[in-house]
Structures are given as structure tokens and as C-alpha cells.
Amino acid sequence: MEPSVFRERRDELGRRLGPGGAGVFFTAREARRNGDVDHEFRGSSDLVYLTGFEEPEAVAVVRPDSPDQRFTLFVRPRDPAQETWTGERAGVEGARAHFGADAAFPVADLEKELPACLANARRLVYAVGRDDEADRAVFRALAALRGKARAGIRPPTEIHDPEPILHEMRLRKRPEEVAALRRAAAVTAEAHAAAMREARPGMHEYDVQALLELRFRRAGSPRNGYPSIVGSGPNATTLHYTANRRRLEPGDLLLIDAGAEWDFYTADVTRTFPVGGRFTRPQRAVYEVVLGAQERAIAECRAGVPFDRVHETALRALVEGMVRIGLLSGEPEAIVKDESYKKYYMHRTSHWLGLDVHDVGAYRPEGAWRPLEPGMVLTVEPGIYVRPGTEGAPPEFEGIGVRIEDDVLVTGDGPEVLTAAAPKRIEEIERLTAGGVTSA
Ligand code: GLY
Ligand code: MN
Ligand code: MN
């Protein structure tokens, strides 16, 4: 994205903070995997949102109403010896030249320089309690400023969590964000369709993961928004199954929950399909209930509708359907009330989507569920999971797990399903999976 995008976001943050506003944002910490190998690094979303800066160890300070130092970046300095090992760095010069920083310092100078960056600010946005080392750096800067009272210098008098200020901005997607989400959705949908075509009994879950993620990479997505869940047979009933090691068997359902990132924005899509064949009768019965519930819930993603109604609608449809097919017995209303459905549907239906897969933004900012607004993006992802050995589960349904998940943009004209290109109707899916094969 253009540097102007990030400048506009910092300006908007300044307008929301008012005079004397300031913000300090630390990127994510690098994490050790084993030995001297690190986990793949991905910057923290708040910092990336405001700066576009992707390198580890970065700290951004914004003072939107400062005359000459509105944006300061602390970065790893250029270091030819280190860069030989881990790649090129923007360095202090690059932070100014390419990221629009008015001032830039080596991150080793943070303790020395941070107090001046925050001097005489009134309202500070900083996520207290997320990282001990970051807390210590900020608190030391505040203490240093407190020591200068007699020179007429004071620390900020208010510290605000990012949620009511910055995360309100991130919750309502601007056009360039919607464009990135559309690309992430398109790449993801195409890869899910490919997985339906190519998965066959005898492959392993990680084979299917590899062919799906190959599609992501080939289409230009550098990484996933979260670890891919590729669960076959009974593994489809484990909500966040990521081991992905089982061999696919004839007659299995395969649940894939995977999303590509595009410009740091992620899709979040789940499809469930029969491996190289057709749905069996009980699989089809469960699938139709979940699909019907999802379609009814998506129709509720309209401006003005409270967030929770999407879940309530899906839940009601799931419970009615589970009674209809014999998974549950009793009055749907009573089942919703006593929560006995939870043995088959134990998660909620939706979350915000954006830079984070479970994106930021308060769901009940004033206590009541927030009404949806144009520009908000949420998932709709009902499921039914009949874990083997579940008490009272009819045997023909045991081991069946189905989730169907799409990403929905709320517009002035109703819901727009960004991931509609990923097949989910039974006939469409079987056209891709079956190749004329029939299951029992
Ligand atoms: N992929 C995680 C979720 O669906 O919430
Ligand atoms: Mn999700
Ligand atoms: Mn998901």
C-alpha cells in the first residue's frame, strides 16, 4: 500500500485523540521455535496498520499534532554483517525515506529518546499489559518525564487502551482494506475449490494442506492468516485441529479451514466435502442443516442488525435441523435455552475479520450488542461436530464434523459474501469431488 494510506490513518488517529494525543506501538516479539530457529515473524497488526513497517523490533510513536515530529520510528539499524544472514533492513535512513518517519532512531536508543517523544502529551494510546518489556520501556519514559516537572515538562495524564480509539478505526474497513480482503478472499476461494478437486483417499491431510497453500503462494499471497486446519474423518470434529497428519480414507469428510493473507489482511474460509466421492446419507443430512443455518445467518448481516442476531439466527436453525434429522430430541426453544445443543455446537457463529483473523473491535461497546454498519467484515461459520463417543449420539452420525464459513462485508445494500466463489452447494461440491464415484 502507498505510504499516504498510513499517513492518513495516523492523521485520523490524531483527529480521534484530539489535541495532545500520542500513541506508542510495539511490533510483535520474535519467538524461539527450537534451538536457534525462530517462528516465522509477522508484525503486530496495530503497528502495521499505522506504518506499513514489517521488520521485527520496531516501535512507532505518533504525535499527530506535533509541528515537526508527528511520526517517529525506532528500527533495527543497517548492519551489513547481520544483513548477510537475515536480509536487508530499512534502517534509520529507510524509515525516513520510505516509511514517512519524521524522525528515526536505532531501537537501542529507545530508552534515551522515548521520553522526549512523549513529553507534554495529554492522552496516550498504549496497550498496557501485553508485553512486560514494552511496559517497562514506556513506564521508564513516564518516570523520566515525571522527574522533569520543575522544568515545566510532564508525562501524559491519561493512558487509553487501543480498543475504543484505534480498534474502532480498524473495525470499519476503508476501500483499500476491502480491496485487500477481496484479493485474500479470491485467492482463498480458488484454493479451496482446487482442494475439492484434488483430494483423494490415500493422500494425507498435510498433502492437501500443501496443495492448498501452493495455490495461495502461486496467486501472490506470501503467508496464511492462521495455521491451516485440515481435518479428515473424526478430526473434522476438533475445532482447531492443526496436526494435519492423518491418511484420508474412502468415505471421509474433509474439513478445511484456511485463509490466505493479502497485504496483511486475511480471509477465513471453511469448506467441508467428501474426499473423492459423494456425501453419504448422514453426512448429507448434517451438511444440509449447517448450510441452511449459514444461509439464514448471512441474510441477517445487514446494517442496523445487532451483531448477536447473526449467531441467534444460525443457532435457531441448527437446533431445528438437529431435531429434524434426529441428532437432538425435544422442543427447539427448550434446547436453545438449556444449551443441550452445545455438545454438537460449542462455538459462536461470527467474529470480526481484518488484519487479524479474530479481528479487533468491541462486540458490546456499551453493554449491548453492536449494530452492524457498512464497512464491517465478519465471518459466518456455523457447524455441527459429533465427536466419537459423544453420549446419546446416534451411531450413524458419530465422527461427522461439518463447518461452513464465509467472509461477509456489510454494505448499504445488504450482505456481500466476499468468499462466494468457494463452492458450498452439494451439487457444486460433488461435481468437483466425485468424478462419478458413489458412496454408501
Ligand atoms: N480459523 C479460525 C476461525 O474460524 O475462527
Ligand atoms: Mn473464523
Ligand atoms: Mn476459520
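Here, each number is a calculation from the coordinates, and none is a lab measurement. Just so it is clear, the model here is predicted, and its values are computed rather than measured. No Cβ is skipped: glycine too gets one built from the backbone with ideal geometry, and neighbour counts run over all protein chains shown.
Listing for the model above:
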| read-out | value |
| --- | --- |
| Extreme residue, positive dipole direction of region 195-280, given options 272, 236, 248 (C-beta unit charges) | 248 |
| Stretchable slack from residue 11 to residue 88, in nm (0.36 nm times residue separation minus alpha-carbon distance) | 24.8 nm |
| Rg to Rh quotient for region 208-271, alpha carbon positions, Kirkwood Rh | 0.99 |
| Long-range amide H partners of residue 260 with built H, under 5 Å | 188, 225, 267 |
| Charge dipole (debye, nearest 20) of the chain; +1 at Cβ of Lys and Arg, -1 at Cβ of Asp and Glu | 340 |
| Relative contact order computed over the chain (Cα-Cα under 8 Å; 6+ residues apart), in percent | 14 |
| Pairwise Cα inverse-distance average, inverted: Kirkwood Rh of region 264-311 (Å) | 13.2 |
| Relative pair counts by distance (%), Cα atoms of region 294-406, 10 Å bins | 13, 42, 30, 14, 1 |
| Residue of 69, 283, 294 that the Gaussian network model of the chain assigns the largest fluctuation, springs spanning Cα pairs under 10 Å | 69 |
| Principal axis dimensions, the chain - Cα atoms, whole angstrom, descending | 81, 51, 39 |
| Residues with amide H under 5 Å from that of residue 204, placed H, sequence gap 5 or more | 248 |
| Listed residues 393, 151, 179, most fluctuating in the chain (Gaussian network, C-alpha, under 10 Å) | 151 |
| Region 323-339 versus region 125-143: alpha-carbon centroid distance in Å | 49 |
